[in-house]
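Undergrad: Just passing along the structure, written as structure tokens.
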Amino acid sequence: MGFEIETCEARVRLNASGSIRPRTHMVLTVLCNDRQWLADVGFGGDGLVEPIAVDSTCVEQAGVVYRVMPEQSLRVLQRQVRGGWEDLYAVLPDSVFAIDFECGNWYTSTHPTSPFVQTLTAQRIVGDSRHVLRNLTYSVQRGQEVMTREITRGELIPLLRDTFDLDVPDGAQFHALDASTRK
């Protein structure tokens, strides 16, 4: 097809408060017609909707402006917020192997300090709307407008089914949600 695809690892910087996080995020770089692109379908509600050129060009997607900036040997995906720029993640230049992702996936799904262990999380982009669930806080973002509300446990499974299109069985247990209410 004429594409050269490279699998890469990234360190998430969003909400990292300056700390260095492990290499747990997978992205693709794609070379097409002598232009390099960043493709990422797994970052969730804060992430890209479609590939973005790796050339510092600002691009708007679903009401959010993104760019990829060089930083030494890294490529950093940023989004525009309140007139400034916020780092989402830094793509590393190293070679990556399947075992690297296996370790990263194990870490994010089992380590007690992982946000995916501590917080019930669901995200979905539909058209120009970004739906985000964090524990019992549900948000819908359309461009710069954000509507946020607290939901009840009784609303949780219907919301996951209807809004996030997830097949959640009746009586499903959410360990992260239970852990967050004990804090």
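Undergrad: Report, in debye and to the nearest 20, how large the dipole of the chain comes out about its Cα centre when Lys and Arg carry +1 and Asp and Glu carry -1 on their Cβ.
TA: Dipole of the chain, to the nearest 20 debye: 680 debye.
Undergrad: Is it possible to state the helix-based mean residue ellipticity at 222 nm for the chain, with each DSSP H run of 4+ residues giving -39500 (n - 2.57), the sum divided by total residues, to the nearest 500 deg cm²/dmol? What is it? Spell out each step's value before the answer.
TA: Numbers: 4 runs with 34 residues, N = 183.
After summing the helix terms and dividing by residue count, I get -5000 deg cm²/dmol.
Undergrad: Further question: For Val132, Val117, what's the fewest-to-most ordering of other Cβ within 10 Å of each Cβ?
TA: Val117, Val132
Undergrad: In addition: How much length is gained if the chain between Gln36 and His175 is pulled fully straight, taking 0.36 nm per residue apart and subtracting their Cα-Cα distance, in nm to one decimal?
TA: On the way: separation 139, 0.36 × 139 = 50.04 nm, distance 4.06 nm.
Roughly 46.0 nm would be gained on extension.
Undergrad: Rounded, prolate or oblate: which one fits the range 4-99, using the alpha carbon gyration tensor with axes a ≥ b ≥ c (rounded when a/c is under 1.5, else prolate when a/b beats b/c, else oblate)?
TA: oblate
Undergrad: Compute the helix-to-body angle for 98-110: its Cα long axis versus the longest principal axis of the chain, expressed 0 to 90° and rounded to tens.
TA: Around 30 degrees separate the two axes.
Undergrad: How many angstrom separate the Cα center of the range 56-95 from the Cα center of the range 113-135?
TA: Rounded to whole Å, the Cα centres lie 20 Å apart.
Undergrad: Mind listing the phi-derived Karplus ³J(HN,Hα) values for the range 134-146, rounded to whole Hz, using 6.51, -1.76 and 1.60 with θ = phi - 60°, and x for any glycine or proline?
TA: 10, 6, 9, 9, 10, 10, 10, 10, 10, x, 8, 8, 10
Undergrad: For mean projected area of the Cα convex hull in nm², which listed value, [x] 10.2; [y] 11.7; [z] 12.3, comes from the coordinates shown?
TA: Matching entry in [x] 10.2; [y] 11.7; [z] 12.3: [z].
Undergrad: Sticking with this structure for a sec: So what is the relative contact order for the chain, in percent, with contacts set as C-alpha pairs under 8 Å and at least six apart?
TA: Normalised by residue count, the contact order of the chain is 15 percent.
Undergrad: Place a point 7 Å from the Cα of Arg21 along the Cα-to-Cβ direction; which residues of the range 91-113 have their backbone N under 20 Å from it?
TA: Within reach of a label on Arg21, which here means backbone N under 20 Å from a point 7 Å along Cα→Cβ, the range 91-113 contributes 91-94, 96-97, 100-113.
Undergrad: How much length would be gained if the chain were fully extended between Phe97 and Cys58, taking 0.36 nm per residue of separation minus their Cα-Cα distance, in nm to one decimal?
TA: Extending this stretch completely gives an extra 11.0 nm.
Undergrad: Working from Cα positions, state the angle (0 to 90°, nearest 10) between the long axis of helix 153-162 and the longest principal axis of the chain.
TA: Orientation of helix 153-162: about 50 degrees from the principal axis.
Coordinate-derived values only; no laboratory data. Since we're looking at a predicted model, the values are computed, not measured. Glycine also receives a Cβ, built like all others from the backbone with ideal geometry; neighbour counts cover every protein chain displayed.
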